[in-house]
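Participant: Sharing a structure here in structure tokens format.
Just so it is clear, none of the values below were taken in a lab; they were calculated from the coordinates. Worth saying up front: this structure is predicted, and the values here are computed from it rather than measured. In this analysis, Cβ positions are derived from the backbone assuming ideal geometry, glycine residues included, and neighbour counts consider all displayed protein chains.
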Amino acid sequence: MRKADGWYVSFSLEDKTVPTALPVDEIKTATGIDVGLEKFLTTADGQSVAVPQYYRKAQATLARQQRKLAHKTAWSKNYQKQANKVAKLHLHVARQRKEFHYHVAHWSVNSYDLIIFENLNITGLARTRLAKSILDVAWGAFLQIMQAVAVRRGKHTRGVDPRGTSINCSRCGERVEKTLAVRVHSCSCGLVIDRDWNSALNLLKHESVGLPIPGCGGYLDTSPAKQQVSFVNLRCSRYIACN
Ligand SMILES: [Zn+2]
């Protein structure tokens, strides 16, 4: 495969070390994950992962270099030099994103035996005005990576119909209508939490019925204070074999 910075060869290998999946009745920890534009993801126990700053910065640089390219005379020597620069930046951004996705995937799979996520209609969402940010955070790519990492560790993932997850109250089930701009879920039953957290709880409730998970659904803490998981200082080396 030819890329902007050279030629690459890809191999497909059978991996005999892939374990058999954890038996369902041995699942001890489960979570729902809600992916969003504001935060990259939020779990049912209220942890959130932000979209990394370095990624936003690299994207800004890319946009700047693309504007420079637009001002060069087509197919001149300078145009070609700039076009190559832009192509390399594209690769850089794509690789940063992939690395970030792997970090988050490994963290999720290490933390939970079962991860429930929304089966998003990415192409449907991408046609709306939110298109740019949706394609940039690339949830679809992340969800695929997370599922692959889970298989590799014998963990479980489940995609579910997202209908109602952001509207319904995760404590009482009542519908609480809200636009995307409303970031807090505030229900007449007294539950006031971050909207993404409420969605993640709904996802967990959706699928975890009948599973022997201690404390499942018991996270209903009205405090919006949460822990933010940071991947800024992680280095890839430990996981590189799985990339
Ligand atoms: Zn409620």
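Participant: Counting other beta carbons within 10 Å of each residue's own, what order do His90, His71, His185, His156 fall into, fewest first?
Facilitator: Ascending number of Cβ neighbours within 10 Å: His71, His90, His156, His185.
Participant: Counting other beta carbons within 10 Å of each residue's own, what order do Ser10, Ser108, Ser166, Ser188 fall into, fewest first?
Facilitator: Ser10, Ser188, Ser166, Ser108
Participant: Still on this structure: Under 19 Å between alpha carbons, and skipping anything fewer than 8 positions from Lys28 in its own chain: which aspartates and glutamates qualify?
Facilitator: Within the straight-line cut-off, Lys28 pairs with Asp45, Asp113, Glu207.
Participant: Students often forget the sequence filter, so: which lysines lie under 18 Å Cα-Cα from Lys57 once same-chain residues fewer than 8 apart are removed?
Facilitator: Here the lysines satisfying the reach criterion relative to Lys57 are Lys39, Lys68, Lys85, Lys88, Lys98, Lys132.
Participant: Could you name the aspartates and glutamates in cross-link range of Lys81, using Cα to Cα under 19 Å and dropping any fewer than eight places away on the same chain?
Facilitator: Result set, ordered by chain and number: Asp5.
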